[in-house]
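These notes concern the structure reproduced below.
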Amino acid sequence: MALLSTTSATNETRIRGGRQSHWWARRRAEFALVAIAGTVYCWDLTINGWGNPYYAAAAQAGAGDWSALFFGASDAGNGLTVDKPPLHLWIIAIAVKLLGLNSFSVLIPQALMGIMTVFLVHRTANYLGGQRQAFIAGLLVIITPVTSMIFRFNNPDALLLLLWALAVYFSVRGFAREQAKYMYLAAVVLGLGFLCKQFQSWILVPAVIGAFFVFGYGSIKTRISQAFAFGALMAAPAFIWIAIVELTPAMMRPWVGGTSTNSFLELTFGYNGFGRLTGQTSLGAVNPKDFSGVVGYDASLVRLFTINYAPEVAWMLPVAFIGAAMAVIEIVRRRMSRLRSFASALLTVWFLTTFAVLSFMTGDIHPYYTSMLALPMAFLTAYAFESFWVSRNDLRYRCSAAPIVLVCAVLTSGYLTWFQDWNPWAVMIVKVAALAASFCLVLPTRFQRPRLTAAALLLAAASILMVPSMFIIDSVSTPQQGSFPISGPVPSVESWHKRDAEQLLQGEQAKYALARGEPVVDDIASIIEQVPETTRWAAATTGSENAALYQLKTKRPIMSIGGFSALDAYPSLSSFEDYVNAGQLRFYIHQPGILNWSASPNTLEVVRWIEANYSYQELDGVRLYDLSIRLTD
């Protein structure tokens, strides 16, 4: 340890012959990546307003109420939780507490998570290859279009990617140092990941455990005991929090959003578990089966290359698959060190597992879910780039690179047919660059020159990365607000991707959209602001996005009848009547858009009771019911 410290100190200060030390050269790449990531993720950040108001309102509630914070309630009245565990809300709530409630405090935590994720990817890739490969891996995370939105939006996926990056870093670092404590730290991180997105966060687990079993140190018995310890540490955070929720009497905590039985276990195995994988409504899926192009029908091996998902992540997928294949070949032929074999196996299994889940799940899925592929894809793509660069003088590698470049160019050209109104010259540049690069790469050896080969590979890389890099410019310059963020420009052809993109644009407020909610009526907001702060809920409305927008506007708790999709069995009619009779709820804002899209029988029963028993005034086309004045018989 002393030797390491001395060497480090020497490297930090030594400058000989105008050359920077190894320490500074390594840190220089990290600083450059942090600067690039900071620019992309922080540039004009508040252009997205509240980001996802659903989570912004929950963070607002948590910043002002400890119970709401712990359970992840969507309102300070502690009526209903969001439909995810609350870990990411805790972080945003802290920012709101420190910086006040505003767009910046709600969105900056995710931007910082993005910067840290890129940093960790670079650090991890350092164990797999040289500085160039590590820099490319970090850069590819930034260039992937979906991350340019995920790390600028307050959905929990930003924290999930950070936790994955940290878990992989600990795993690789622990293997490199032969220290089990890092493996256990990775387990704890994955356990915290469960409190972010439940079982989705454990997609990484088979890759970590499998790589340790195959390439780990010690006897099989030792590895098995370590695996059990790993599992126990990973399960601990989830078990403790879930146990507290389940053992707390229902009257003393919020209703668990996304459930019909008020159980977090139902949310775990149903709506966010098997329901999301299978699409079966009996298991909690909420999207109807006949919603063409969204649930079930587009599940296939090529799903991620179709319009709903390809613009987010597919630009570099072919190269990532090549990187995975090259890694497997090197492992099988035993050409890698034990550390690189372990890391390569981990990344390859992680990548293929995630690709398979995203391709074949038939439940609720959105384009931004492709962010799950961003990190393993970046690692493997960087590995492929580095392999081709190092072996660029080998004719076999050059001839292998050429068709890959052409395939990427064909796919890119196909993707851009969906964006005919967006920079039509881009496709021509991609085609010309790919053809020129491929031609130079397949030239016979006698015509090859080192500089020509290097230039051809750089041109090939540019043809692959140019369009996704340009998409990022659209992502950071286009204001969006809602539940399902979309990166890049709006497609010109009809699709689910286009629908969501148009609904998220802040200028597109003409009609109801589940992803965005209905616009706040200022006159109604002014009335709600006059409700005494001692009232548990100043108002109620249908759908969590609608409730969140009024809560953020008025800074008063707003009850969401039916939860996010108005499908929850909350509140029951008898409970709602009790709240009204006790003076705990003053107004009802009638927003029928979501009722026309989806609503549970319980939600419709509550709304009909209000309509039958209370009068309303209409403000800017929206009915406001005063629940303190009942109609006379």
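The values are calculated or read from the model by the stated rules, or taken from the named source; none is laboratory data. These numbers come from a predicted model, not from an experiment. Cβ placement follows ideal geometry from the backbone for every residue including glycine, while neighbour counts extend to all protein chains displayed.
Can you name every one of the helices (runs of 4 or more DSSP H) wholly within segment 407-520 that holds 2 or more residues which are outside the structural domain of A56 (by TED's automatic domain parsing), modelled with pLDDT under 85 and not aromatic (F, W, Y)? Spell out the reasoning first.
On the way: elements: 425-441, 450-477, 496-504.
By residue number, 496-504.
Which residues, counting only those in segment 602-626, are aliphatic (A, V, I, L, M) and either under 18 Å from T554 (Cα atoms) or outside the structural domain of M559 (by TED's automatic domain parsing) (or both)? Spell out the reasoning first.
Pass one, segment 602-626, residues aliphatic (A, V, I, L, M): 604, 606-607, 610, 612, 619, 622, 624.
Of everything in segment 602-626, those that are aliphatic (A, V, I, L, M) and either under 18 Å from T554 (Cα atoms) or outside the structural domain of M559 (by TED's automatic domain parsing) (or both) turn out to be L619, V622, L624.
Can you confirm whether segment 57-68 contains a residue that is among the aromatic types (F, W, Y) and over 18 Å from the mean Cα position of the chain (by Cα)? Write out each step before concluding.
Quick first cut of segment 57-68, residues among the aromatic types (F, W, Y) only: 66.
Retained after the next criterion (residues that are over 18 Å from the mean Cα position of the chain (by Cα)): 66.
Within segment 57-68 (the criterion being among the aromatic types (F, W, Y) and over 18 Å from the mean Cα position of the chain (by Cα)), the answer is yes, since at least one residue qualifies.
Tally the residues that are assigned to a helix (DSSP H, G or I) and either touching a Phe, Trp or Tyr at 6+ places or on another chain (Cβ under 8 Å) or not assigned by TED's automatic domain parsing to the domain that holds V106 (or both), restricting the search to segment 133-160. Don't jump to the end; show me each part of the working.
Filtering segment 133-160 for residues assigned to a helix (DSSP H, G or I) gives 133-143, 145-150, 157-160.
Those left that are additionally either touching a Phe, Trp or Tyr at 6+ places or on another chain (Cβ under 8 Å) or not assigned by TED's automatic domain parsing to the domain that holds V106 (or both): 133, 136-138, 145-146, 148-150, 157-158.
Within segment 133-160, residues that are assigned to a helix (DSSP H, G or I) and either touching a Phe, Trp or Tyr at 6+ places or on another chain (Cβ under 8 Å) or not assigned by TED's automatic domain parsing to the domain that holds V106 (or both) number 11.
Being polar (S, T, N, Q) and over 23 Å from I629 (Cβ atoms) is the filter here; which residues of segment 573-602 pass it?
Of everything in segment 573-602, those that are polar (S, T, N, Q) and over 23 Å from I629 (Cβ atoms) turn out to be N596, S598, S600, N602.
Report yes if some residue within segment 607-629 is of a type in the set (K, R), at pLDDT below 90, over 21 Å from E533 (Cβ atoms) and not in a helix (DSSP H, G or I); otherwise report no.
Going residue by residue through segment 607-629, those that are of a type in the set (K, R) are 608, 623.
Still in the list and also at pLDDT below 90: none.
No: zero hits.
Does segment 545-558 contain at least one residue that is assigned to a strand (DSSP E or B) and either in contact with a Ser or Thr (Cβ under 8 Å, 6 or more places away or on another chain) or assigned by TED's automatic domain parsing to the domain that holds N78 (or both)? Spell out how you get there, then give the answer.
Applying the first criterion (assigned to a strand (DSSP E or B)) to segment 545-558 yields 558.
So of that shortlist, the ones also either in contact with a Ser or Thr (Cβ under 8 Å, 6 or more places away or on another chain) or assigned by TED's automatic domain parsing to the domain that holds N78 (or both) come out as 558.
Looking for residues that are assigned to a strand (DSSP E or B) and either in contact with a Ser or Thr (Cβ under 8 Å, 6 or more places away or on another chain) or assigned by TED's automatic domain parsing to the domain that holds N78 (or both), one finds at least one in segment 545-558, hence yes.
Taking the conditions exactly as written (modelled with pLDDT under 95, surrounded by fewer than 23 Cβ atoms within 10 Å (Cβ to Cβ) and in contact with a strand residue (DSSP E or B) (Cβ under 9 Å, 6 or more places away or on another chain)), does A569 satisfy them or not? Step through it out loud before you land on a result.
Working: modelled with pLDDT under 95: yes; surrounded by fewer than 23 Cβ atoms within 10 Å (Cβ to Cβ): yes; in contact with a strand residue (DSSP E or B) (Cβ under 9 Å, 6 or more places away or on another chain): yes.
Against the criterion (modelled with pLDDT under 95, surrounded by fewer than 23 Cβ atoms within 10 Å (Cβ to Cβ) and in contact with a strand residue (DSSP E or B) (Cβ under 9 Å, 6 or more places away or on another chain)), A569 qualifies.
Quick check: is even one residue across segment 581-601 assigned to a helix (DSSP H, G or I) and either over 34 Å from the mean Cα position of the chain (by Cα) or assigned by TED's automatic domain parsing to the domain that holds G49 (or both)?
Scanning segment 581-601 turns up at least one residue that is assigned to a helix (DSSP H, G or I) and either over 34 Å from the mean Cα position of the chain (by Cα) or assigned by TED's automatic domain parsing to the domain that holds G49 (or both).
Would you be able to tell me the number of residues in segment 105-149 that are at pLDDT 95 or above, within 21 Å of V82 (Cβ to Cβ) and either in contact with a Ser or Thr (Cβ under 8 Å, 6 or more places away or on another chain) or of a type in the set (S, T, N, Q) (or both)?
So the count comes out to 3.
Applying the selection to segment 197-242, what residues are among the hydrophobic types (A, V, I, L, M, F, W, C) and surrounded by fewer than 13 Cβ atoms within 10 Å (Cβ to Cβ)?
Step one: of segment 197-242, the residues among the hydrophobic types (A, V, I, L, M, F, W, C) are 199, 202-205, 207-209, 211-215, 220, 224, 227-230, 232-236, 238-242.
Those that are among the hydrophobic types (A, V, I, L, M, F, W, C) and surrounded by fewer than 13 Cβ atoms within 10 Å (Cβ to Cβ): I220, I224, F228, I240.
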